[in-house]
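Taken together, the values in this text are just the output of simple stated rules run on the coordinates, not laboratory data. Note that the structure is a prediction, hence the values are computed from the model and not measured. Note that we place each Cβ from the backbone using ideal geometry, even for glycine, and neighbour counts take in every protein chain shown.
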Amino acid sequence: MRATHKSLAMGLAALSLLAVSACGGEDGGTGGGGETQEVEVFTWWAEGSEKEGLDALVEVFTSQNPDFEFVNGAVAGGAGSDAKNVLASRLQTNDPPATFQAHAGAELTDYIEAGQIEGLSAMYEEKGWNELFPEGLLERLEQDGEIYSVPSNIHRANVVWANTAVLEEAGLDPKASYASLDEWIAALEKVEAAGKIPLSVATDWTQVHLLETVLLADLGAEAYSGLWDGSTDWAGEDVTAALEDYQTLMGFTNTDRQSLDWQDATQLVIDGEAAFNVMGDWAEAAFATSEKTYDTDYVAFPVPGTDGVFDFLADSFTMPVGSPNGEGTEAWLDTVASAEGQEAFNKAKGSIPANIEAETADFGPYQQTAIESWANDEIVSSVAHGAAASVSWLTDITSAVAKFGSNDDVTELQEGLVAAAEKHASS
Ligand code: GAL
């Protein structure tokens, strides 16, 4: 494929010179009359198990589209913590990649409102995609009746991952389930007494992730969802109680958390240095990459108090306004939508396919639990991963949570969260 691309490039050297001078591009990535065959895909799946997931998708893309060359525009940092800023400045300076990763829900709405992504409803119609994805998911990809992106997966956020050997050493039954946060906290105390890290966590965004699951556990699905539509009062006593539980949980975490990303925190559980980690089910891919066996080396269960609820998020891919290679973008979206692409990608990524025609019989045992839960449980939206609130609201929540990480002050945390809601809830 490289050879084909090279000879094509040489053959068109004169033309592309013209195209470059006409478009002002320097990297051969700009289009106009001389559209390049390169397709830059912007994600934050830059390393480790996340990159393996992306690689699996790219392999399908390459076999389905031999005329296009995938260019990896990934920027490292879990949950897009750095990528989103880089992307924002590229979009502002009219330098979009051919496609970029965006979360279904409120985060996508941000890009729609800024006029940065194209509507795809005609493409959905033409390709029959409306029948491929669950209706509830399509609703989170649209605004005013127009659909704006193609979902690649469905992740569950409210999952605890645990190392069975560490639990046994602490005198805990690895098959035990915890009906409430209080019961779980009693188990964390035992791990602490045994000299291991009870609960591993990493930098700011993973703390927001933990907090959202605690709010969900303590408030319940309906009141948790009400936090995002204004029907639950952020200043309420039930929120205070949840924040106190969050404070207790943070008291069991590793002190070096600020210097870690999610991979490191999950690795502490994989390596037997920590007992538990609350993480989305991209962690499943990290256990798989480390060749750990589900239900033997590790267990996974819903965050105590959230059984029966699927805290949801989905990644999706967009057609940026002014894409340097519209045909290439379309080819990438074709692969993302396809059953073949979704099977390869999700199997490696720990998530489950959004495409209802994808075959999942050979997915691993953890993923089977997620498939079951997605089909039967109540669905709520993740805030740490763009489904529940806008990027700007999440930024303010993250600042309040980061501050709490250093001052441990629940009152100030709640005031910060109330102020963030007042600023953003209606916008
Ligand atoms: C989420 C994303 C997942 C995974 C995770 C950790 O925001 O939706 O696919 O990449 O971040 O980086």
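Roughly how far apart, in whole Å, are the Cα centres of segment 100-145 and segment 155-173? Measuring centre to centre over Cα atoms gives 37 Å. Global dimensions of segment 179-245 from alpha-carbon coordinates: Rg and Dmax equal 13.8, 43 Å.
Could you tell me which of rounded, prolate or oblate describes segment 108-156, using a ≥ b ≥ c as the square roots of the eigenvalues of the alpha-carbon gyration tensor, with rounded for a/c under 1.5 and, failing that, prolate when a/b is larger than b/c and oblate otherwise?
On the way: a/c = 1.92, a/b = 1.18, b/c = 1.63.
Cα axes put segment 108-156 in the oblate bin.
In the chain, the DSSP beta bridges split such that about 55 percent are antiparallel, to the nearest 5. Residues 349, 423, 292 in ascending order of nearby Cβ atoms (within 10 Å, fewest first): 423, 292, 349. Using the count of nearby Cβ atoms within 10 Å as a rough guide to exposure, how do 323, 231 rank from fewest to most? Sorted ascending by nearby Cβ count, the order is 231, 323.
Loop only per DSSP, at most 13 neighbouring Cβ atoms within 10 Å: give me the trypsin sites (Lys or Arg not before Pro) in segment 113-221, ordered by residue number.
Values: sites: 127, 140, 156, 175, 190, 196; in loops: 140, 175, 196.
Those that pass, being in a loop and sparsely packed, are 175.
In order along segment 153-158, phi translates into HN-Hα couplings of 5, 9, 10, 9, 9, 8 Hz, rounded to whole numbers, per the Karplus curve 6.51 cos²θ - 1.76 cosθ + 1.60 with θ = phi - 60° and x for Gly and Pro. Please give the helix 410-424 orientation as an angle from the longest Cα principal axis of the chain, in degrees from 0 to 90, rounded to the nearest 10. Taking the Cα atoms of the chain, the angle to 410-424 is about 30 degrees.
Among the listed pairs 51/403; 84/403; 84/127; 51/175; 51/196; 403/423, those with a Cα-Cα distance over 25 Å are 51/403; 84/127; 51/175; 51/196.
Each stretch of four or more DSSP H residues adds -39500 (n - 2.57); spread over every residue of the chain, this sum gives -15000 deg cm²/dmol at 222 nm. Rounded, prolate or oblate: which fits segment 282-427 when a ≥ b ≥ c are the square roots of the eigenvalues of the alpha-carbon gyration tensor, with rounded for a/c under 1.5 and prolate only if a/b beats b/c? Cα axes put segment 282-427 in the oblate bin.
Between 211, 57, 91, the Gaussian network model of the chain with springs among Cα atoms under 10 angstrom shows the greatest mean-square fluctuation at 91. For segment 61-138, the square roots a ≥ b ≥ c of the C-alpha gyration tensor eigenvalues yield an a/c of 1.5 or more together with a/b not exceeding b/c, which makes the shape oblate. In the distance distribution for the chain, Cα-Cα pairs more than 34 Å apart total 32 percent. Each part reduced to its alpha carbon centroid, segment 210-274 and segment 304-352 end up 26 Å apart.
Counting only alpha carbon atoms, the long axis of helix 181-193 and the longest principal axis of the chain meet at about 80°. Seen against the Cα atoms of the chain and their longest principal axis, helix 339-349 is set at about 40 degrees.
Each residue in 279, 250 was given a count of other beta-carbon atoms within 10 angstrom of its own, and listing them fewest first yields 250, 279. Hey, in the GNM for the chain with a 10 angstrom Cα cutoff, which one of 128, 280, 251 fluctuates hardest? Maximum among the listed residues: 128. Short-range pairs are left out: with C-alpha atoms under 8 Å and at least six residues apart, the relative contact order of the chain is 26 percent.
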